[in-house]
Number of protein chains: 2
Amino acid sequence: MTPIRVTYAVGGSAAEVRERAHAIAWEQSVEVPESVIVSQALRDAVVGRVEDISALCPQVHAVQIAYPGDHAEMPPSQLMNLVFGNISLLDTIRVLRIQLPHELSAYYDEPQFGCEGIRGVVGDGGVYDRPLLATALKPKGASTADLAGLAYGFALGGGDLVKDDHNLVDSRFDQYQRRVGACAEAVLRANEETGRRTLYLANLAGPSEELDERLAFLREVGAAGFLIAPFLVGLDRTQELARRYSLIAVSHPAWAGGFLGRTHGIAHDVLLGQLPRLLGLDASVFPNSGGRFGFTRGECLSIAERLLEPTEPSRRAAFPAPAGGMQLASVADMARDYGTEAMFLVGGALLQHSDDIRVSTRTFQQAIASHFGVAGA
Amino acid sequence: MTPIRVTYAVGGSAAEVRERAHAIAWEQSVEVPESVIVSQALRDAVVGRVEDISALCPQVHAVQIAYPGDHAEMPPSQLMNLVFGNISLLDTIRVLRIQLPHELSAYYDEPQFGCEGIRGVVGDGGVYDRPLLATALKPKGASTADLAGLAYGFALGGGDLVKDDHNLVDSRFDQYQRRVGACAEAVLRANEETGRRTLYLANLAGPSEELDERLAFLREVGAAGFLIAPFLVGLDRTQELARRYSLIAVSHPAWAGGFLGRTHGIAHDVLLGQLPRLLGLDASVFPNSGGRFGFTRGECLSIAERLLEPTEPSRRAAFPAPAGGMQLASVADMARDYGTEAMFLVGGALLQHSDDIRVSTRTFQQAIASHFGVAGA
């Protein structure tokens, strides 16, 4: 089988990194002192191989390691275990790139809907010529009626997707049913009035034993999909839930930031681009540059690239969903950076823009339309 | 309800941290611009409150924030979402301490066995006067017969717990049954010969849909418990699996290291001590100082403290399981650092010590016994 190739940025001088690279290859594959494995055949079959070391800057080197492909004939959690399990506990090792062999594609899902699938079910028979406009229902603490009212107004104003904020969480199933049911109903009612389709996605959070029931409930009330935080819920569990029903699944980056250190962790595009797409999620929310969070423009664009680029074997593309403090004035930059293939997620700014969410939504939607030279919603 | 109090180390000057602390409190509770919530009653009910700021060093300040207790009336993933969800995506914020109100204890489990429970079922009618000796079956790539042979020899040599290495993973259930079944059988056979009880714990890894079946299989073949990596499997899912059967559950830190940055992330003792115990796990494996990983002695001792300290309400203590390159010569330091209340996890060094795992195990067990002035196993 073709090996899995992983490129790391490893701290240290050239001599130090030569030693560290070797140690990483052993740690991540067999985790024993070298003297324990005397058989060369066993070494060839199971131990990672350092293929290349090259300087990135004086004290950081790119290290490419090839691990036997069959070490990750497993769901995504084991890929992450292989790539960054034990060595996450060391210092100055950053995963830059993961190249998966074709032979492993059965273990990873592709988005069920992806960009094309979502585009086909929104608006008036599909929206293909502009980015989608999404919002988040908030704040936590608002009444169910207020949240449902926001969802209703957003749909009337021509918004495309309205999702629960990731901190809208109900411990009890009956509370979840009440809140989510009201929001789903409000959006369906608005859709009947407008004749176009806005999608409602509920936050999938709750006791682990109950997540399946909550998903089934979403189907029942006509929610289009759900928001999920894979780093909190677990990678394989997320993959399992995403494939369970024919529902749109959107990735939220809560808790993921622990891995995004400048010198240690996992590169932004691998963590928030490649990984959510391999989990079968249809869109990935991430903090856009210029908002409340410190991601650079380059980091954001690299995430979008992993979500959208052609893959071998071919997998559906997933939507980049830049978010985190986007304003009306940000639309121009977002249009320039992402083009049509994105979902612009505007939360607080929509609430701030005016007292009427319908008006705010229409204003944002028109700004998008004018940037892309298409008719407003 | 009593609030949840979280202490963060936040980077910046005193003036900067005052602003940042305020922003953190809003981000983690309601995530909207302040102008959106005009009602003071709603602010009081849902927004986090900065209670204290004090300098730790010139550019780092300790910030204590009180979040409404009902924000985490949920399984552990939502506690982490509240404490470090979105702000994980910022820089230089480190969770130092989480104080949970009593009222939330129903949402968290206590270890089913804990230190006392494990002590009661090992050895010849219990082992109470010394640390336990544990090992890991490895390397990946070794035949099932070889792995079962190691488990058998370790049990004959008087070892206490033998667990699969965390990278022993079988994609297919029949492979899992074969390998795990053989190891469980080998240990049971050795136990019959010695008349004492060594515990075998299998690695619980596999397709998410299959984990329950794999657990049931462990019960069936007489395995005493399982190893699980909560950060890969997911926090709530781990909690769910740990409470499902009457099996000992041991936490592995794979992938957790992403959160352990010096200036950003989650403190070692919270991540690898407090959290596994709240998930209901009976022991927590972590890399000991002086081994292959860079944890300091202070960090290791703080992890042990969170696993063992009395809690209110009272919860069973869980075993600290220091590991990661422990040698025969390390036993003295480990004995000094951890005293009797630990599980010493020795992997590669046991394989290296001699060609006969039985002899190696006996040597390590005698070293422990002599340090604690008790009879050897």
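Within the stretch B:48-102, can you find the residues that are of a type in the set (A, V, I, L, M, F, W, C), away from chain A (no Cβ under 14 Å) and part of a loop (DSSP other than H, G, I, E, B)? Hit for the stretch B:48-102 is B:L100, nothing else.
For the stretch B:58-67, residues that are modelled with pLDDT of 95 or more and over 15 Å from B:V95 (Cβ atoms) total 1. Applying the criterion of being away from chain B (no Cβ under 14 Å) and among the aromatic types (F, W, Y) to the residues of the stretch A:293-341, the residue that is most open to solvent (accessible area, probe 1.4 Å) is A:Y338. Of the residues making up the stretch A:343-361, those that are closer than 23 Å to A:P320 by Cβ and out of contact with any helix residue (DSSP H, G or I) (no Cβ under 7 Å at 6 or more places or on another chain) number 3.
If you go through the stretch A:208-223 one residue at a time, do you hit one that is away from chain B (no Cβ under 14 Å), in a strand (DSSP E or B), surrounded by 24 or more Cβ atoms within 10 Å (Cβ to Cβ) and of a type in the set (G, A, S)? No, that holds for no residue. Residues that are at pLDDT 95 or above, open to solvent by 10 Å² or more (accessible area, probe 1.4 Å) and of a type in the set (D, E) within the stretch B:158-179 comprise just one, B:D174. Taken over the stretch A:263-288, residues that are open to solvent by 30 Å² or more (accessible area, probe 1.4 Å) and away from every other protein chain (no Cβ under 12 Å) amount to 1. The strands (runs of 3 or more DSSP E) found wholly in the stretch A:282-347 and carrying at least 1 residues that are farther than 25 Å from B:W26 by Cβ and touching a residue at least 60 places away in the same chain (Cβ under 8 Å) occupy A:283-287, A:319-323.
Taking the criterion of being more than 10 Å from every other protein chain (Cβ to nearest Cβ) and open to solvent by 70 Å² or more (accessible area, probe 1.4 Å), the residues of the stretch B:16-40 that qualify are B:E16, B:R18, B:E19, B:H22, B:V38, B:Q40.
The numbered conditions (1) in contact (Cβ under 8 Å) with a residue 60 or more places away in the chain; (2) over 19 Å from B:L137 (Cα atoms); (3) under 26 Å from the mean Cα position of the chain (by Cα) are all true for A:H71 except (2).
If you check A:A155, A:A145 for being open to solvent by less than 10 Å² (accessible area, probe 1.4 Å) and part of a helix (DSSP H, G or I), only one passes: A:A155. Within the stretch A:232-262, the residues that satisfy the criterion of being crowded, with 24+ Cβ neighbours inside 10 Å, closer than 18 Å to A:A134 by Cα and more than 9 Å from chain B (Cβ to nearest Cβ) are A:I248, A:A249, A:V250, A:S251.
The values are calculated or read from the model by the stated rules, or taken from the named source; none is laboratory data. The shown structure was predicted, so the numbers you read here are calculated from the model rather than taken from an experiment. Because the Cβ atoms are built from the backbone with ideal geometry, glycine has one as well, and the counts that use them run over all protein chains shown. Just the protein is used for accessible areas: all its heavy atoms, side chains included, with ligands, DNA and RNA removed. Shrake-Rupley method; radii C 1.70, N 1.55, O 1.52, S 1.80 Å.
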